[in-house]
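Here the structure is laid out as structure tokens; the discussion comes afterwards.
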Amino acid sequence: MSSQHSDCDAPAPQLMPVGEALERLLAEVTLPVATEEVSISDALGRVLAEDQLSTVDVPPADNSAMDGYALKIADLAAGGRLNVSQRIPAGTAPLPLKSGSAARIFTGSEIPLGADAVVMQENATAGESDGQQWVEVTEVPSVGNNIRRQGQDIRTGQVVIPAGMRLQAHHVGVLASVGVSQVRVYRRLKVAVLATGDELVMPGNPLEPGQIYNSNLYTIRGLLQGLGCEVVDSAVVEDTLEGTKAALRQASEQADCIITSGGVSVGEEDHVKAAVEAQGELRLWKLAIKPGKPMAFGYVNGKPLLGLPGNPAAVLVTFNILARPFLLRSMGAGNVAANGFSVEVGFSRPKAISRQEYLRVQLQDGRAVLGASQSSGVLSSSVMAAGYLVVPPNQVVEEGGRLMFIPFSEVMN
Ligand SMILES: Nc1nc2c(c(=O)[nH]1)N[C@H]1C(S)=C(S)[C@@H](COP(=O)(O)OP(=O)(O)OC[C@H]3O[C@@H](n4cnc5c(N)ncnc54)[C@H](O)[C@@H]3O)O[C@H]1N2
Ligand code: MOO
């Protein structure tokens, strides 16, 4: 274990800017090739591997947007009253409209051939004389009123969901709306999670002197599960070079990607970097991000490794900002960006920091305010936070100014 993090922030020109690190990470991604077919009932969170085209029009025929009467407007010229010649409940096929008559119709029912408008029942008076139902229109409609046209939502042949979309409930709903029951998706990404550190104890066990609970394993596993990855191996690795090398090798044999926590800093108890270099290569190390500076990226046995720093808040930030887009792209997802927006800042901080900083902030009346400690070792300040306030490098934070805010809802799934 390396020395604890301090907030000292000496200028560090050798640190790679966050934007460049992200670009380089994404450039390393090899797209998944393996795909599988799944039922749309099991497709939530999966990434679509092929454009999904509709084989039907939605709606499949003109239908009524209202409960009321379908009629031909020209027939109203003869007088206000029309006999009701048929009743069309939703789910039945209408007969062509008898000339000079109206059809009782309901929301979603198909429009009968010959009708050119639907009058909602609030704009009509209905009655019965000698066993014959009739309707009198009190407000004359225009052609097309209250008719939902065939194909106005989706046309046959149209791409309804493009390849690369990570399917959420509404996407699955759209697939169902065009009658698709099976879709081709990329297979789940298999990820191994290794937490390094001899001080770590699993929750449920008593703490001995010198020990802390292993939270990173749970944070990382939870984030991976939220992304729809399959966690194939999760373990604690002892702080030795040999132990770390062995754990990384084993992980590389089981997983598509490895994520580690801890052991990437400069102390002699930090073995992840050396273990990667011994059986692969290190591509990135030391980024201009706070928290998370010593994040590493490389390959072990040909498998990508994301080496997150041990400090729990650094794990959260580096996963959300860097590992997440890398994993999403590796899962075949097209859009990997987290959408942020600018918010007013409700506090000042005169000291400029040379790294891009991700402050865990709350929103009060739309203004970003600091909650508890922003220390890299403090995870609990994320509990009440709504997201990250992004402070660009070397920038003073001024109350009343505006900065980018990335909601947790954008990055925690
Ligand atoms: N001399 C220097 N020391 C440090 C530097 C530096 O530049 N020079 N950088 C600091 C920064 S910034 C960070 S971030 C940390 C990252 O260090 P490591 O990735 O090597 O992480 P560890 O030393 O193993 O652990 C750091 C911290 O986090 C706790 N930890 C580790 N794993 C877990 C876990 N699974 N669950 C909960 N907490 C965990 C660990 O006990 C330490 O307190 O290095 C600084 N040092
Ligand atoms: O303690 Mo470090 O801040 O995560 O970069």
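Some notes on this structure:
- If the condition is being farther than 19 Å from PRO294 by Cα, surrounded by fewer than 17 Cβ atoms within 10 Å (Cβ to Cβ) and out of contact with any helix residue (DSSP H, G or I) (no Cβ under 7 Å at 6 or more places or on another chain), then the range 370-392 contributes SER380, VAL383, MET384.
- Only listed residue being open to solvent by 50 Å² or more (accessible area, probe 1.4 Å) and within 14 Å of ligand 1 (Cβ to nearest atom), chosen from VAL264, VAL236: VAL236
- Scanning the range 239-261 for residues that are in contact (Cβ under 8 Å) with a residue 60 or more places away in the chain and open to solvent by 50 Å² or more (accessible area, probe 1.4 Å) gives a single hit, GLN254.
- Of the candidates ALA195, ALA235, the single residue that is assigned to a strand (DSSP E or B), within 16 Å of ligand 2 (Cβ to nearest atom) and among the aliphatic types (A, V, I, L, M) is ALA195.
- When GLY228, GLY197, GLY210 are screened for being open to solvent by 20 Å² or more (accessible area, probe 1.4 Å) and among the small types (Gly, Ala, Ser), only GLY210 passes.
Residue-wise test of (1) in contact (Cβ under 8 Å) with a residue 24 or more places away in the chain; (2) out of contact with any helix residue (DSSP H, G or I) (no Cβ under 6 Å at 6 or more places or on another chain).
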residue: SER39; (1), (2): yes, yes
residue: VAL58; (1), (2): yes, no
residue: ASP62; (1), (2): yes, yes
residue: LYS72; (1), (2): yes, yes
residue: ILE88; (1), (2): yes, yes
residue: GLY91; (1), (2): no, yes
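- Selected residue (criterion: least open to solvent (accessible area, probe 1.4 Å)) from residues of the range 158-182 that are touching an Asp or Glu at 6+ places or on another chain (Cβ under 7 Å) and in a strand (DSSP E or B): VAL159
- Of all residues in the range 292-314, one or more are of a type in the set (A, V, I, L, M, F, W, C) and out of contact with any strand residue (DSSP E or B) (no Cβ under 6 Å at 6 or more places or on another chain).
- Long-range neighbours under 9 Å by Cβ, at least six apart or interchain, first residue of a type in the set (Asp, Glu) within the range 362-379, second more than 16 Å from ligand 1 (Cβ to nearest atom) and part of a loop (DSSP other than H, G, I, E, B): ASP365/GLY346
- Put simply, of VAL84, VAL140, VAL135 the only residue that is in a loop (DSSP other than H, G, I, E, B) and aliphatic (A, V, I, L, M) is VAL140.
- Any chance VAL276 is open to solvent by less than 10 Å² (accessible area, probe 1.4 Å), within 15 Å of ligand 1 (Cβ to nearest atom) and at pLDDT 95 or above: yes
- Members of the range 292-315 that are within 13 Å of ligand 1 (Cβ to nearest atom) and open to solvent by 10 Å² or more (accessible area, probe 1.4 Å): LYS293, PRO294, GLY310, ASN311, PRO312
- Members of the range 22-54 found to be among the polar types (S, T, N, Q) and more than 13 Å from LEU175 (Cβ to Cβ), listed by number: THR30, THR35
- Here GLY228 does not fit the description of being under 30 Å from ILE40 (Cα atoms) and without any contact (Cβ under 8 Å) to a residue 40 or more places away in the chain.
- Any hit, the range 386-401, residues being modelled with pLDDT of 95 or more, within 17 Å of PHE319 (Cα to Cα) and assigned to a loop (DSSP other than H, G, I, E, B): yes
- Scan of the range 339-369 for residues that are in a loop (DSSP other than H, G, I, E, B), within 22 Å of PRO17 (Cα to Cα) and open to solvent by 40 Å² or more (accessible area, probe 1.4 Å), ordered by number: ASN339, PRO350, LYS351, ALA352
The values are calculated or read from the model by the stated rules, or taken from the named source; none is laboratory data. Everything quoted here is computed from the prediction, not taken from an experiment. Heads up, the Cβs are rebuilt from the backbone with ideal geometry, glycines too, and the neighbour counts pull from every protein chain shown. Heads up: the accessible areas ignore ligands, DNA and RNA and are worked out on the full protein's heavy atoms, side chains in. Shrake-Rupley method; radii C 1.70, N 1.55, O 1.52, S 1.80 Å.
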